[in-house]
Amino acid sequence: MLTVRAMTEADVAAVSAIRVTGWKTAYAGIMPRSYLDRMTVEADALHRRQHFKRTREGTTNLVAVDTGGSVVGWACLGPYRGTGARVTAGELYALYIQPSLIGSGIGRTLLEAVHAQALARNFDPVLLWVLTDNSTARRFYEQAGYVADGAVQDDDYDGVCVSEVRYRRNL
């Protein structure tokens, strides 16, 4: 039985391990190898601990926990950070699942919990950014009812331009 609960500071190391492993798995061939090779769980955990302590009001961090008590997924939701959306829009900042468990339903369960939180906070629609070349994530969000809305943005990673597309879902 999988449970979803609010993240605590004690979950930071597990969340960082999932996030770094997730980046190195999902973004291989999309992000520059040099960037991915520099990512470490320790550095991410340090950053995440600092971020967790000063998380701005309105940000919700959720973790998925398996029957053995291990954190196997993480999601972060808050107010939309960009422009061009309604004031009531929420944003799914992150959703990561332990890579070896992708396809087991954890992502779907975690996303349903995010949607419940968004509804409770009167966020509608929910927006998210996904790497244009991350076909697995795009397929996942599309199956969950998200639609690309035409907005795109580019970020620079070690001199390589990486594009993202924005998705939206009305709740």
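The values are calculated or read from the model by the stated rules, or taken from the named source; none is laboratory data. It should be emphasised that the depicted structure is a prediction, and the values quoted were computed from it without experimental measurement. Using ideal geometry, Cβ is built from the backbone for each residue, glycine included, and neighbour counts are taken over all protein chains shown.
Numbers for the structure displayed
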quantity: A75 being assigned to a helix (DSSP H, G or I), hydrophobic (A, V, I, L, M, F, W, C), within 26 Å of E9 (Cβ to Cβ) and out of contact with any Asp or Glu (no Cβ under 9 Å at 6 or more places or on another chain); calculated: no
quantity: Residue within the stretch 60-72 that is at pLDDT below 95 and part of a helix (DSSP H, G or I) present; calculated: no
quantity: Qualifying residue in the stretch 37-57 (condition: out of contact with any Phe, Trp or Tyr (no Cβ under 8 Å at 6 or more places or on another chain), touching a residue at least 40 places away in the same chain (Cβ under 8 Å) and either over 29 Å from R121 (Cα atoms) or among the polar types (S, T, N, Q) (or both)); calculated: no
quantity: Every residue from the stretch 58-70 that is touching a residue at least 40 places away in the same chain (Cβ under 8 Å), β-branched (V, I, T) and surrounded by 13 or more Cβ atoms within 10 Å (Cβ to Cβ); calculated: T60, V63, V65
quantity: Any hit, the stretch 16-34, residues being free of Cβ contacts under 8 Å to residues at least 40 places away in the same chain, in contact with a Lys or Arg (Cβ under 8 Å, 6 or more places away or on another chain) and among the small types (G, A, S); calculated: yes
quantity: Matching residues in the stretch 87-126 - criterion: being in contact with a Pro (Cβ under 8 Å, 6 or more places away or on another chain) and within 19 Å of V165 (Cβ to Cβ); calculated: A89, G90, E91
quantity: Among (1) hydrophobic (A, V, I, L, M, F, W, C); (2) surrounded by 15 or more Cβ atoms within 10 Å (Cβ to Cβ); (3) at pLDDT below 95, the one test that V87 misses; calculated: (2)
quantity: Among residues of the stretch 14-29, those that are surrounded by fewer than 17 Cβ atoms within 10 Å (Cβ to Cβ) and either closer than 27 Å to A89 by Cβ or over 16 Å from the mean Cα position of the chain (by Cα) (or both), counted; calculated: 2
quantity: Scope the stretch 1-46; condition of a type in the set (S, T, Y) and more than 20 Å from G105 (Cβ to Cβ); matching residues; calculated: T8, S16, Y27, S34, Y35, T40
quantity: Considering residues of the stretch 33-54 that are in a loop (DSSP other than H, G, I, E, B) and exposed (fewer than 15 other Cβ atoms within 10 Å of the Cβ) only, the residue modelled with the lowest pLDDT; calculated: R54
quantity: Lone unmet requirement of (1) modelled with pLDDT of 95 or more; (2) surrounded by fewer than 20 Cβ atoms within 10 Å (Cβ to Cβ); (3) of a type outside the set (S, T, Y) for L127; calculated: (2)
quantity: Residue among G103, G107 that alone is of a type in the set (G, A, S), at pLDDT below 95 and within 19 Å of M1 (Cα to Cα); calculated: G103
quantity: Qualifying residue in the stretch 144-156 (condition: assigned to a loop (DSSP other than H, G, I, E, B), touching a Lys or Arg at 6+ places or on another chain (Cβ under 8 Å), in contact (Cβ under 8 Å) with a residue 12 or more places away in the chain and surrounded by fewer than 20 Cβ atoms within 10 Å (Cβ to Cβ)); calculated: yes
